[in-house]
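One structure is given here, and the rest of the page talks about it.
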Amino acid sequence: MMMSSRAEVVVGAALIPGASGAKLITCAMLSDMNPGAMIVDVAIDQGGCDETSRAMTRA
């Protein structure tokens with residue numbers, strides 16, 4: 001999969017209900033992103049779709 005390093009927002013919407021999230025966004029892809037760019041990960045409840053995803057909560 002290719003991801004544009006010029007993207008301002010990347011939406012990870014690869015979600016299979018009940019399954020672990022597929023790791024589609026690699027660390028190399030993340031390092032190519034511009035500072036301030038963001039990822040919206042719809043699959044975060046199943047582990048996320050990028051290699052650095054981790055579950056967290058906010059109080």
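The values are calculated or read from the model by the stated rules, or taken from the named source; none is laboratory data. Given the structure is predicted, the values throughout are model-derived calculations rather than measurements. Cβ coordinates were reconstructed from backbone atoms using ideal geometry, including for glycine residues, and neighbour counts include every protein chain displayed.
Among the residues in segment 28-37, are any modelled with pLDDT under 85 and either surrounded by 10 or more Cβ atoms within 10 Å (Cβ to Cβ) or of a type in the set (S, T, N, Q) (or both)?
At the first step, the residues of segment 28-37 found to be modelled with pLDDT under 85 are none.
So far as segment 28-37 goes, no, none of its residues is modelled with pLDDT under 85 and either surrounded by 10 or more Cβ atoms within 10 Å (Cβ to Cβ) or of a type in the set (S, T, N, Q) (or both).
Scanning segment 7-27 for residues that are modelled with pLDDT under 85 and over 10 Å from the mean Cα position of the chain (by Cα) gives Ala7, Leu15, Ile16, Pro17, Gly18, Ala19, Ser20.
Among the residues of segment 29-58 satisfying the criterion of being among the charged types (D, E, K, R) and either assigned to a helix (DSSP H, G or I) or within 12 Å of the chain's Cα centre (by Cα) (or both), which is farthest from Gly18 (Cα to Cα)?
Among those that are among the charged types (D, E, K, R) and either assigned to a helix (DSSP H, G or I) or within 12 Å of the chain's Cα centre (by Cα) (or both), it is Asp32.
Among residues of segment 2-31 that are of a type in the set (Asp, Glu), those with a Cβ under 9 angstrom from a residue that is in a loop (DSSP other than H, G, I, E, B), sequence gap 6+ or separate chain, pair up as Glu8/Asn34; Glu8/Gly36; Glu8/Ala37.
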